[in-house]
1. What is the spin-label model distance, in nm, from Leu112 to Asp95 if the labels are put 7 Å beyond Cα along the C-beta direction?
2. Return His142, His99, His83, His15 ranked ascending by Cβ neighbour count within 10 Å, so the fewest neighbours appear first.
3. Name the long-range amide H neighbours of Thr79: under 5 Å, sequence gap of 5 or more, or other chain; modelled H, no Pro or chain starts.
4. Using the 10 angstrom Cβ neighbour count as an exposure proxy, how do Asp120, Asp143 rank, fewest first?
5. For a quick check: sort Tyr135, Tyr53, Tyr153 by the number of other beta carbons within 10 angstrom, fewest at the front.
6. With θ set to phi - 60° and the Karplus curve 6.51 cos²θ - 1.76 cosθ + 1.60, what are the ³J(HN,Hα) couplings of segment 120-125 in order, to the nearest whole Hz, using x for Gly and Pro?
7. Once phi is turned into θ = phi - 60°, what whole-Hz ³J(HN,Hα) does the Karplus curve with 6.51, -1.76 and 1.60 give for every residue of segment 69-80, x standing for Gly and Pro?
8. Strictly over 18 Å apart at the Cα level, which of Lys78/Lys157; Lys42/Lys109; Lys22/Lys109; Lys22/Lys42; Lys42/Lys98; Lys12/Lys98 would you flag in this model?
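FYI, it's all coordinate maths here, none of it is from the lab. All figures in this text were calculated on a predicted structure; none of them were measured in a lab. Cβ: placed from backbone, ideal geometry, glycine included. Neighbour counts: every protein chain shown.
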Amino acid sequence: MPPGAASPMTLKRIHREVADLKKEDLGAMTLGPSDDNLFLWKGQIPGPAGSVYEGGMFDLDVNLASDYPFTAPRVTFKTRIYHMNISERGDICIDILKHNWSPALSLFKVLLSLSSLLTDPNPRDPLVSSIANQYTSNKKLHDSTARQWTQLYAMPKPPPPPAAPHSKATASTRARGKAKASNLPNPTNTNSSSSSSTSRSARLGTQDTITIEDSDNEDEHQSRTRSKAGSKRKRGAGTNSLDADSATTEESLDLDDDDEIEFAEARSHKRPTRATPAARGRPVDDSDVIVIDDED
């Protein structure tokens, strides 16, 4: 809340500085009063290029007294910084905020002085003596530590990735996926389908086997046909021998009874026995049967 005893001169000075800031080129710096309090200002200065604070953004609070500009503003760092002239609590040791303050100075000039302090610290008037001693004895270690603090506390945090938009297409896709899941067959139907598929496969396998057997039968039938033709040719030769036997039989008719009996017995021993077609596994053909009538 603004001080209750603020003079009209103080309010007039604050409003004038607000108007002057709109004319200044602040660059990356920001400075302005709070929305509900003209005596509380917020500022931000970037780490100067080439300094150990480069890349960092440092927030400031500026509190104005009720008799401002006759009293110096109170400025504190809200962002942690490794600096010999700035304490752990954010207090600043700079001459223009102490005994060198002048009502002619403005808040914008204070902001510029603080930016210069980040580039050129003052080891002769330190607020943190340990950092000042390190700066003078081991500047390399000092600079490395200051950069680490800048990365830890002053680097702007990357913005979170944008959330994927929940479009109607996504919702409809999920709905279709649920519908497909509900239409999936139950395990019973799946088993019956598998059984019918197995039965069909078995029938197909049987038919395939029958087809292979028919092919074998055709090959066997062809081989039997060839063997039958060969046997017919052989039987032609056998027929000639039978004709000769018939002639011999006719000649034996002229012999007497005793000679005929001896001739018949000798003929039964000498004539070779041929396997009948039925014994060879072939169907009997009437043309192959030869009947010989022996007259007593």
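1. Between Leu112 and Asp95, the simple spin-label model gives 1.7 nm.
2. Numbers: His142 20, His99 7, His83 24, His15 12.
Ordered from fewest to most neighbouring Cβ atoms within 10 Å, His142, His99, His83, His15 come out as His99, His15, His142, His83.
3. Asp59
4. On the way: Asp120 9, Asp143 15.
Lowest to highest Cβ neighbour count: Asp120, Asp143.
5. Neighbour counts put them in this order, fewest first: Tyr153, Tyr135, Tyr53.
6. Result, ordered by residue: 10, x, 10, x, 7, 9 Hz.
7. Listing the rounded values in order: x, 7, 10, 5, x, 9, 10, 9, 7, 8, 9, 5 Hz.
8. Lys42/Lys98; Lys12/Lys98
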